[in-house]
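> Sharing a structure with you now.
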Amino acid sequence: MIEQIVLGIVQGVAEWLPISSEGMIVLVKSFFFPDGADLESLISGALFLHLGTFLAALIYFRSEVKEIILSIFKWKESDAKQRKTVSFLVISTLISGTLGLILLELLTGIDEKIGVLGARATLVVGLLLLVTGFIQVFKPKASAKEEIDLSIRDGIVLGFVQGFTVLPGLSRSGLTVSALLLSKFSEETSLKLSFLMSLPIVLAGNIVLNFNSISNFEPARLVGLLFAFAFGYLTIGGLLKLARKINFGWFVVIFGVLSIIASFVA
């Protein structure tokens, strides 16, 4: 029970910051609640906790989500901005979902192949956190493009970027926002699109990865989901504003270095 509460809180807070909530969950689980779970199980468990912050984001961005859903059913009456946003989300979700499944398939059994457990898992996450951190440190400045400027190319590029963030340590929000900024989108538009992108992929990912295990579902996991939702909903507004003002890149780099050091002394 304590484990689920802690993991839920970590997910609820870390999701809105460019620090890889999935990486944080894997590290916390590996250090404080080790149970011998393989990397695929750790990722699957982290994805389930994302359902809590999915609901929090769904409520926070309810106006945007409502507009998107209405535009799907009233496609001809929708304006160009809404149609481009929907097309962008569909393309990016299909690509990131496909790439994510391929990467997860490659990760299946990797524990036995290279021994990625305990300290080695910490090393892998630490190295990926360094990648996330340096991308944040050197991310491009915002420009002025908005949803109306979205193109098929943007959907393809962001789909690949989001797909790679299935790897724990690569921040989904950090990398997608940086990619959007690199494509000359404004900071506000980049943040909004990044979190709108997360909604369909989190839902689809849980259906694919966790639906088959529903018969063996542990009720205690609902506690983690509840805490992820509660802390996510309470912190989303403030932390998104904080993420706009503070570059968390060096924080992630330092945390990555500490994780790498810990992997050798553990």
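What follows draws every value from the coordinates through simple rules; no lab data is involved. Given the structure is predicted, the values throughout are model-derived calculations rather than measurements. Note: ideal-geometry Cβ built from the backbone for every residue, glycine included; neighbour counts use all protein chains shown.
> Which chymotrypsin sites (Phe, Trp or Tyr not before Pro) in the stretch 48-79 sit in a loop by DSSP (not H, G, I, E or B) and have at most 12 other Cβ atoms within 10 Å of their own Cβ?
Sparse-neighbourhood loop chymotrypsin sites (Phe, Trp or Tyr not before Pro): Trp75.
> Each residue of the stretch 58-63 in order: what ³J(HN,Hα) in whole Hz does its phi give by Karplus 6.51 cos²θ - 1.76 cosθ + 1.60, θ = phi - 60°, with x for Gly and Pro?
Working through the residues one at a time gives 4, 6, 5, 9, 4, 5 Hz.
> Compute the length gained on full extension between Lys141 and Asp79: take 0.36 nm times their separation in residues and subtract their Cα-Cα distance, giving the result in nm to one decimal.
19.5 nm
> So, one more: Within the stretch 137-233, which chymotrypsin sites (Phe, Trp or Tyr not before Pro) sit in a loop by DSSP and count at most 11 neighbouring Cβ atoms inside 10 Å?
Here the sparse-neighbourhood loop sites are Phe138, Phe211, Phe217.
> Suppose the chain between Leu106 and Ser41 were pulled fully straight at 0.36 nm per residue; how much longer would it get relative to their current alpha carbon spacing?
Between Leu106 and Ser41, full extension yields 22.0 nm more.
> Mind scanning Lys74/Lys145; Lys84/Lys145; Lys84/Lys184; Lys74/Lys184 and naming the pairs with a C-alpha gap bigger than 19 Å?
Check vs 19 Å cut-off fails for Lys74/Lys145; Lys74/Lys184.
> Next question. Could you tell me which residue out of Ala230, Gly97, Leu175 lies farthest along the dipole of the chain toward its positive end? Charges go on the beta carbon: Lys and Arg +1, Asp and Glu -1, centred on the Cα centre.
Leu175
> Once phi is turned into ³J(HN,Hα) by the Karplus curve 6.51 cos²θ - 1.76 cosθ + 1.60 with θ = phi - 60°, what whole-Hz value does each residue of the stretch 167-184 show in order, with x for glycine and proline?
6, x, x, 8, 6, 4, 5, x, 6, 5, 5, 4, 5, 5, 5, 5, 8, 6
> Excluding the sites themselves, what is the longest stretch of the chain that contains no trypsin sites (Lys or Arg not before Pro) in a DSSP loop with at most 16 other C-beta atoms within 10 Å?
Longest stretch, sites excluded: 185-266.
> Can I ask one more? Modelled label-to-label distance, Arg62 and Leu182, 7 Å Cα→beta-carbon offset: nm?
Distance between the two pseudo-spin positions: 3.6 nm.
> Once you charge only the Cβ atoms, +1 for Lys and Arg and -1 for Asp and Glu, what is the size of the charge dipole of the chain about its Cα centre, to the nearest 20 debye?
Charge dipole of the chain: 800 debye, to the nearest 20.
> Subtract the Cα-Cα distance of Ala262 and Ile5 from 0.36 nm times their separation in residues, and report this length gain in nm to one decimal.
My answer for the length gained is 90.1 nm.
> For the residue pair Asp149 and Arg244, what label-to-label distance in nm results when each label sits 7 Å from Cα along the Cα-to-beta-carbon direction?
1.8 nm
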